[in-house]
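The values are calculated or read from the model by the stated rules, or taken from the named source; none is laboratory data. Treat the numbers as computed from the prediction; the structure is a model and nothing was measured. What goes into the accessible areas is simple: the full protein's heavy atoms, side chains included, and nothing from ligands, DNA or RNA. Shrake-Rupley method; radii C 1.70, N 1.55, O 1.52, S 1.80 Å.
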Amino acid sequence: MTDANTIIRRLGALFVESLHIEVPSADTDLFETGILDSLQLVELLVQLEQRFGFKIKIDDIDLDDLRTLEGIAGLVAARTAGAGPPTAQLLSLEVRHGAANQEGDHSGLRTRGTEPRTGEPQLPSRSVR
């Protein structure tokens, strides 16, 4: 997803679908024109994370990157460069998670029936028919 125009088109669709905002051009300042308010900014950040598959830490937010569709596209391109599409990122996570479990990394997990004993003996439960 390296093509800036493709990202800008997707961002335009995101603004229309999620924020109900039609951005006049890719270089329109969203803050100075009042197109984007603080609540919409929060929703924008959520949508960017969901649609493009990356997390934005509060400390990493630079409002200048979020002023225009061009700036946001640059942010998206930088965050997704080399990461592949979000689906590939999820598959990669699943593979790593699965590999950790196969290697015996079961910290914090207990198999059924190995709960710690309390003071009283536990009777096996019977199903009532």
Qualifying positions in segment 62-78 - assigned to a helix (DSSP H, G or I) and open to solvent by 50 Å² or more (accessible area, probe 1.4 Å): Leu63, Asp64, Asp65, Glu70, Ala78
Residues of segment 3-20 classified as under 19 Å from the mean Cα position of the chain (by Cα) and either of a type in the set (Phe, Trp, Tyr) or in a loop (DSSP other than H, G, I, E, B) (or both), total: 1
From Ile58, Ile72, Ile8, residue being modelled with pLDDT under 95 and of a type in the set (A, V, I, L, M): Ile58
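Being in a loop (DSSP other than H, G, I, E, B), more than 16 Å from Val76 (Cα to Cα) and open to solvent by 60 Å² or more (accessible area, probe 1.4 Å) is the filter here, so list the residues in segment 21-61 that pass it.
Glu22, Pro24, Glu32, Thr33, Asp37
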